[in-house]
Every structure is written in C-alpha cells, then in structure tokens.
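Written below as structure tokens is the structure these notes are about.
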Amino acid sequence: MPDIDFFTRSEIKRSIDRIQQLQDSGIFHLDNSGSPLVKSAFIEVLICLRDLMYKTEKYDKRIDFDDDIVKTDDIKDITDTIKYVRDALCHLNSDNHYIEKNCLASYNIVYGKGQMLNIGDSGQSSDYDDDVCFFFGAQKIYLVRHIVRAFGEAKKKLLPLIGQRIE
C-alpha cells in the first residue's frame, strides 16, 4: 500500500465528497438546465475529478476506459479526456475550445440524443437518450458514461488507500 500523507488523504476525501455533493444536488438534470450554476458546478466537478484521476494514477492504476472517447494523438482514454476538458474550463485561451482552426465551439450541452452543430467534417452530437453530453471543441464528455463512471472507479481505487470504506 502506498504511503499517502495526511494532506493528500484529506484532498482525496474532500474531492470525493464535493463531487458526490454536486452530483446528488440534481444540478445536472434537465430541469436545472437554465440555472446559472450548472457551469460552476461542472467546472468544480472537473477540477476535483482531474485531481482524482491524477492521484489514482499516482497511487494505484490509471483509469483508462475508452468507451465513446473521441481519440486523437493526445487523447487515448477517459483520464486524457478529463484533463482536456478541465484545461478548457480553466484556460479560456486554450485551443481546446476550437472545433476547427477558426471555429470556436465550446461548453455546449445536449440533454439526451441530438446534434448541436455540424461544420464540414466536424460536429458535436450526443448518441444517447439517457445521458447529458458536454462539448469542448471536437471533444465530448458524457455525464453518466464518463464522469460518473470515472468518479466511481476512482472512489473504488482511492478510498481503501486512505482508510475509508466504499459506500
């Protein structure tokens, strides 16, 4: 078992608790789609989740599922996708906001299955009726299929390492 200091254990627990709190709040339900707090909650979830992905890779094993991931030279799995989206959210001048060289298409949301836009060979579309899809440039991340799943896997790996039970 890796030696994880008190500060890092506290950060892990705080990130897990905060993501769970935001997830349980219902902020990402369609009924709240017009709330000015959706983006703030999403940013906080992605910041905390990126930290958990980093710590999972450092102290256990990388979370590397790639279902429905838009793969590129830099994006191979969910951990890369989470970093890409977190970077887009936190760095307004990032190229991660562009669907093509001169086409800004960032922080678009589709609730359920649907197409947001189509530009040449690029587009933003969600393939599932039962999920919420967030778009940043040519990348997308699903709430349930990606964020909730990655969060669940991170909890399973990290909670035992910090002496917490998995609920």
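Nothing in this text is a laboratory measurement; each read-out follows from the coordinates by a stated rule. The model shown is predicted, which means the values in this text are computed figures rather than measured ones.
Numbers for the structure displayed
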| quantity | calculated |
| --- | --- |
| Quotient of Cα Rg and 2.2 N^0.38 Å for segment 1-104, N being how many residues it contains | 1.21 |
| Lysines with Cα under 18 Å of K157, excluding same-chain neighbours fewer than 8 positions away | K13, K55, K58, K61 |
| Tilt relative to the chain, helix 149-158 - C-alpha long axis, 0 to 90 degrees, to 10 | 20 degrees |
| Helix 6-24 axis, angle to the chain major axis (alpha carbon atoms, nearest 10°) | 50 degrees |
| Hits among lysines - C-alpha to C-alpha of K113 under 18 Å, sequence gap 8 or more where chains match | K140 |
| Other-chain or far-sequence residues with amide H under 5 Å of M116's (modelled H) | Q124, S125, S126 |
| Degrees separating the helix 38-59 axis from the principal Cα axis of the chain, which is the longest one | 50 degrees |
| Segment 136-153 and segment 11-43: distance between their alpha carbon centers, rounded to Å | 14 Å |
